[in-house]
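The values are calculated or read from the model by the stated rules, or taken from the named source; none is laboratory data. Please read all numbers here as calculations on a predicted model, not as lab measurements. Glycine gets a Cβ as well: all are built from the backbone with ideal geometry, and neighbour counts include every protein chain shown.
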Amino acid sequence: MRVAIIGGGIIGLGIADALLRETRVRDSLELTIFDAHEPGGASAKAAGILGAQFESHESSPFVTDLVEARASFERWLVDFGGPSALERVDYRKAGVLRLATSARRAEELRAIVEWQSASGLRAAYVSPWELEKIEPALASFAHGAAHFPDDAQVEPRLLLALLETSLRERGAMFVDSRVLAVESAPSAATIRVEVGASPRESRPAESATHSADFVVVANGAWASRLTLTAGKTALPLDAPPVRGQMIRLATARRHFGPVIEVDGTYALQRAQGPIDVGATVENVGFDAGTTADAAAALLRTVTRMIPEIDGAPIAEQWAGLRPLAPSPRVELVDSRVLVAVGHYRNGILLAPTTARKAAAIVARL
């Protein structure tokens, strides 16, 4: 079976890994992954917070999906990366602390802790005095915090590199091209890709075609730019981009352990020291640029959260374009096409379960 996956982010690579493990298809599988390495690709620009609980305000089936994905994450990493995978991708179950900036916010966080605890999830409300003992680097403004000890974190860049290496070693082929269109027909699917573009030489892009028995569309926000047809019927995909800017502060000293969040801004410290801070939420289309205003706002908030890092230089700034949808879409849209898009801020976390679901659908065909 010739399977083409459009998108080399965490969802596309995760599905490729699951297909290579699926006993019903792997022996006959010819797997090709098309990736345009678009500026702003969400996976490599994500924070990597495996936050099944900290942004969950009420019980829902989607929260159940997030918790299930988090529970499977360690096993997934070891399955494709070996026993050292957790350390190699900086995976840590360090938890999340959501700080309350007012008495009203404290009550809201208490309510979240109560329903999560009643649902069997580990969560606790931490008083200002307890908070000072747990994380002494935090500013004293907090009225308390909600603590979610089972939420975790991972370094997305390391994760993507390890997963891609594993796939290449198992025979997956990679094509560095932008897919322009997919046409599904009874006999096969035709994939038209952009080739030969050269902005320096003002040479326009040309196109080439590839054939596949099955296509997986997993290129995030760029799915909305893909021309997808079945015969003469257009199959529109809607996952508009939302820009999230982040900054990285250079520091070698360990300042805090868990992810710290306050009023929508979060900070997490990597194993080697740098502190990543995010993220803005901006509807600017496919503009993956960064702004000085965003960097300044993020820096102000993080130094308010953790005063002792004031003066740490900004080593890096970037923006990711996250595919927005009411909920992730993992389904067949044609007998030869499956879409896996719309994961928004949860693409890293949902990768293992999305991959298993997609692979199972393909295997049943």
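I need the full set of residues from the stretch 73-118 which are acidic (Asp, Glu) and either in contact with a helix residue (DSSP H, G or I) (Cβ under 9 Å, 6 or more places away or on another chain) or farther than 29 Å from Met305 by Cβ (or both), in order please. Result: Glu74, Asp79, Asp90. Whether a residue is outside the structural domain of Leu131 (by TED's automatic domain parsing) and free of Cβ contacts under 8 Å to residues at least 60 places away in the same chain was assessed, and Arg26 passes this test. For the condition crowded, with 24+ Cβ neighbours inside 10 Å, among the β-branched types (Val, Ile, Thr) and under 15 Å from the mean Cα position of the chain (by Cα), Ile15 qualifies.
Considering only the stretch 311-327, I want to know if a residue exists there that is on the phi < 0 side of the Ramachandran plot, in contact with a His (Cβ under 9 Å, 6 or more places away or on another chain) and of a type in the set (Lys, Arg). Checked the stretch 311-327: at least one residue is on the phi < 0 side of the Ramachandran plot, in contact with a His (Cβ under 9 Å, 6 or more places away or on another chain) and of a type in the set (Lys, Arg). Among the residues of the stretch 262-309, just one is touching a Pro at 6+ places or on another chain (Cβ under 9 Å) and at positive phi, namely Gly285.
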